[in-house]
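Below is one structure, written out as structure tokens, with a few remarks after it.
The values are calculated or read from the model by the stated rules, or taken from the named source; none is laboratory data. Everything numeric in this text was worked out from a predicted model, so none of it was measured. Here the Cβ positions follow ideal geometry from the backbone for every residue, glycine too, while neighbour counts run over all protein chains shown.
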Amino acid sequence: MLLIFALCFLSVFRSGHASVAPKLSPFPTFNSLKEGSIVRVFCGVQQGSAPLYFNWFFNSKLITNHFSDIEIETNEGESVLRIKKLLSNHTGNYTCIVRNGVGEDTPAKWVIEPHDLRLNAGESGKLECSASGIPLPTIQWKKDDNNILSDSGVVNILKSTEKDSGTYECVANNN
């Protein structure tokens, strides 16, 4: 009777590249969008091992094919959201999330979402936003692409005048 013994050695080698969780690039800001225009928003990664999976959300709702006026194109390392014709119903918060087999990166999450404010001359109002995340995001308000000094994420407008008109933007950054 012949017995054959086989010894198997299994060596596992990792390639020189360890798997890395994705990290989003800073989101672009927009200060002068015109109704009827085409808008492209880029969501890219600074780092992250492939394959990468992107999801876009509008006011916390996943953007799917039923958004006929919004297209999403994803390539290696980036995703582009395209609004074919900008209308007032597109006003809101857009979020891009990227994930891979190691983890995911999400931008800061709104605790108090910024909202549109319409005032007549002489009226007062406030713009407010707050965000959470790790690390804790910093909040910066901008008006027409210029930084505004603001304490604790609030912009108070007292007795509004025409010079208060413009595009205000709350930027929460936890990068």
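Here is a list: SER25, SER32, SER49. Which entry is under 20 Å from ASP145 (Cα atoms) and more than 18 Å from the chain's Cα centre (by Cα)?
Result: SER32 is the single residue among SER25, SER32, SER49 that is under 20 Å from ASP145 (Cα atoms) and more than 18 Å from the chain's Cα centre (by Cα).
State whether the residues of region 115-134 include one that is touching a Cys at 6+ places or on another chain (Cβ under 9 Å) and under 19 Å from GLU35 (Cβ atoms).
Yes, there is a match, as at least one residue in region 115-134 is touching a Cys at 6+ places or on another chain (Cβ under 9 Å) and under 19 Å from GLU35 (Cβ atoms).
Within region 150-168, take every residue that is outside any loop (DSSP other than H, G, I, E, B) and closer than 13 Å to LEU117 by Cβ and give me the one that is nearest to the chain's Cα centre (by Cα).
This residue is TYR168.
HIS115: in the same structural domain as GLN46 (by TED's automatic domain parsing), modelled with pLDDT under 90 and surrounded by 12 or more Cβ atoms within 10 Å (Cβ to Cβ), yes or no?
No.
Hey, SER165 hits all of (1) under 28 Å from ILE63 (Cα atoms); (2) loosely packed, with under 15 Cβ neighbours inside 10 Å; (3) at pLDDT 85 or above but one; which does it fall short on?
(1)
Could you check ARG99 against (1) under 20 Å from PRO28 (Cα atoms); (2) under 17 Å from the mean Cα position of the chain (by Cα); (3) surrounded by fewer than 15 Cβ atoms within 10 Å (Cβ to Cβ) and say which number it fails?
The single condition ARG99 does not satisfy is (3).
Is there a residue in region 75-86 that is surrounded by fewer than 15 Cβ atoms within 10 Å (Cβ to Cβ) and either outside any loop (DSSP other than H, G, I, E, B) or not assigned by TED's automatic domain parsing to the domain that holds PHE27 (or both)?
yes
From the list ARG99, ARG14, pick out the single residue that is of a type in the set (Lys, Arg), modelled with pLDDT under 90 and more than 29 Å from ARG118 (Cα to Cα).
Only one candidate qualifies: ARG14.
Return the residues of region 87-139 that are acidic (Asp, Glu), without any contact (Cβ under 8 Å) to a residue 60 or more places away in the chain and part of a strand (DSSP E or B); say none if nothing qualifies.
GLU128 - this is the single residue of region 87-139 that is acidic (Asp, Glu), without any contact (Cβ under 8 Å) to a residue 60 or more places away in the chain and part of a strand (DSSP E or B).
I need the full set of residues from region 34-51 which are outside any strand (DSSP E or B) and within 25 Å of ASP69 (Cα to Cα), in order please.
LYS34, GLU35, GLY36, SER37, ILE38
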